[in-house]
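The values are calculated or read from the model by the stated rules, or taken from the named source; none is laboratory data. The structure displayed is predicted, hence computed values, not measured ones. Cβ atoms come from the backbone with ideal geometry, glycine included; neighbour counts cover every protein chain shown.
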Amino acid sequence: MRLVAAPAPRLAGDLADRVIVVDPGHQLGNHNFPRKIGRRVPAGGFTKPCNTTGTATDGGYPEATFAWRVARQLRRALIDRGAQVVLTRHSNREDRWGPCVDVRGRAGNAVDADLKISIHGDGSTAPDAHGFHVIAPIDRKPWTHDIFSDSTRLATTARQALDAAGFDRATYVAGGDGLDFRGDLATLNLSDVPTILVELGNMRDSGDAQVMTSADGQAAYAAALVEAVRRYLR
Ligand SMILES: [Zn+2]
């Protein structure tokens, strides 16, 4: 049932009437629910485990918490600009798990979102592996053919915004241009709306970890993603 109140005041923000899905990767408690997290779910023509525990810094700061904090700030800033924001999880707690990657993948479909952004941190142990990369879906019929070109534009726009904010592109991923295209991620494959997954930094790198665990760093990532959304929708 949908309650209809008096017409909402029209917000002056430049994102008024936009619907944006913000998907903070993992859930803090995933590691406490191995059976639920291991259950296989549809991933776009194949199946995958529901989710993973996510990574952490060498000091133990969890990716789930990093993603949650950036997502909350991004949500706030988008709402301030008039957007309607849908989060794929509503807590960051040790006694919670999920949602699964198929649910995350479809999160923008029913609400006909303008776009969906999944927020993650990477966990590479390769020497000197640091920096961000933006993952977009490959062009694969019937799954992502419809969103491929818009998702690619969203990805390049996000890369531009992260560049402009002063973040380094990952040198350890496909070509070092800060972009990657993948067909193995349910979070991207099941979306009917333009979507990207951002690996904002490498949590196993001490320099990135310092930025990713700091309030200033998290605010800078969120601000860059706001810019990406605005430029993409302009
Ligand atoms: Zn992740």
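Among residues that are at pLDDT below 95 and assigned to a helix (DSSP H, G or I), residue 217 is not included. The listed residues are 187, 152, 156, and the only one of them that is among the polar types (S, T, N, Q), surrounded by 22 or more Cβ atoms within 10 Å (Cβ to Cβ) and closer than 27 Å to residue 17 by Cα turns out to be 187. Looking at segment 172-182, is at least one residue surrounded by fewer than 24 Cβ atoms within 10 Å (Cβ to Cβ), closer than 18 Å to residue 23 by Cα and either aliphatic (A, V, I, L, M) or touching an Asp or Glu at 6+ places or on another chain (Cβ under 9 Å) (or both)? No, segment 172-182 contains no residue that is surrounded by fewer than 24 Cβ atoms within 10 Å (Cβ to Cβ), closer than 18 Å to residue 23 by Cα and either aliphatic (A, V, I, L, M) or touching an Asp or Glu at 6+ places or on another chain (Cβ under 9 Å) (or both). Residue check: residue 76 meets all listed conditions (1) touching a helix residue (DSSP H, G or I) at 6+ places or on another chain (Cβ under 9 Å); (2) more than 15 Å from residue 20 (Cα to Cα); (3) exposed (fewer than 14 other Cβ atoms within 10 Å of the Cβ) but one, namely (2). Among the residues of segment 111-135, those that are away from the ligand (no atom under 16 Å from the Cβ) and farther than 30 Å from residue 59 by Cβ comprise 111, 112, 113, 114, 115.
Per-residue answers, yes or no, for (1) more than 16 Å from the chain's Cα centre (by Cα); (2) under 24 Å from residue 218 (Cα atoms); (3) acidic (Asp, Glu); (4) outside any loop (DSSP other than H, G, I, E, B):
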site	(1), (2), (3), (4)
98	no, yes, no, no
124	yes, yes, no, no
149	yes, no, no, yes
152	no, no, no, yes
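Filtering segment 30-55 down to residues that are within 28 Å of residue 206 (Cα to Cα) and buried (at least 19 other Cβ atoms within 10 Å of the Cβ), which residue is nearest to the ligand (Cβ to nearest atom)? Out of the qualifying residues, it is 54. Evaluated against (1) in a loop (DSSP other than H, G, I, E, B); (2) surrounded by fewer than 24 Cβ atoms within 10 Å (Cβ to Cβ), residue 108 falls short on exactly one condition, (2). Can you find a residue that is surrounded by fewer than 23 Cβ atoms within 10 Å (Cβ to Cβ), at pLDDT 95 or above and among the β-branched types (Val, Ile, Thr) anywhere in segment 93-102? Among the residues of segment 93-102, not one is surrounded by fewer than 23 Cβ atoms within 10 Å (Cβ to Cβ), at pLDDT 95 or above and among the β-branched types (Val, Ile, Thr), which makes the answer no.
Got a number for residues in segment 10-29 being within 16 Å of the ligand (Cβ to nearest atom) and either acidic (Asp, Glu) or not in a loop (DSSP other than H, G, I, E, B) (or both)? Residues in segment 10-29 being within 16 Å of the ligand (Cβ to nearest atom) and either acidic (Asp, Glu) or not in a loop (DSSP other than H, G, I, E, B) (or both): 5 in total.
Inspect segment 190-199 for any residue being more than 15 Å from the chain's Cα centre (by Cα), within 27 Å of residue 100 (Cβ to Cβ) and either within 16 Å of the ligand (Cβ to nearest atom) or part of a loop (DSSP other than H, G, I, E, B) (or both) and give the result as yes or no. Yes; the residues of segment 190-199 include at least one that is more than 15 Å from the chain's Cα centre (by Cα), within 27 Å of residue 100 (Cβ to Cβ) and either within 16 Å of the ligand (Cβ to nearest atom) or part of a loop (DSSP other than H, G, I, E, B) (or both).
Matching residues to (1) among the hydrophobic types (A, V, I, L, M, F, W, C); (2) under 30 Å from residue 223 (Cα atoms):
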site	(1), (2)
15	yes, yes
24	no, yes
33	yes, no
55	no, yes
60	no, yes
67	yes, yes
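Within segment 137-147, the set of residues being in contact with a Lys or Arg (Cβ under 9 Å, 6 or more places away or on another chain) and either part of a loop (DSSP other than H, G, I, E, B) or within 16 Å of the ligand (Cβ to nearest atom) (or both) comprises 138 only. Here residue 209 fulfils each of the conditions (1) crowded, with 17+ Cβ neighbours inside 10 Å; (2) farther than 25 Å from residue 106 by Cβ; (3) touching a helix residue (DSSP H, G or I) at 6+ places or on another chain (Cβ under 9 Å) apart from (3). Among all residues of segment 64-73, there is at least one that is under 14 Å from the mean Cα position of the chain (by Cα), away from the ligand (no atom under 16 Å from the Cβ), surrounded by fewer than 18 Cβ atoms within 10 Å (Cβ to Cβ) and part of a helix (DSSP H, G or I).
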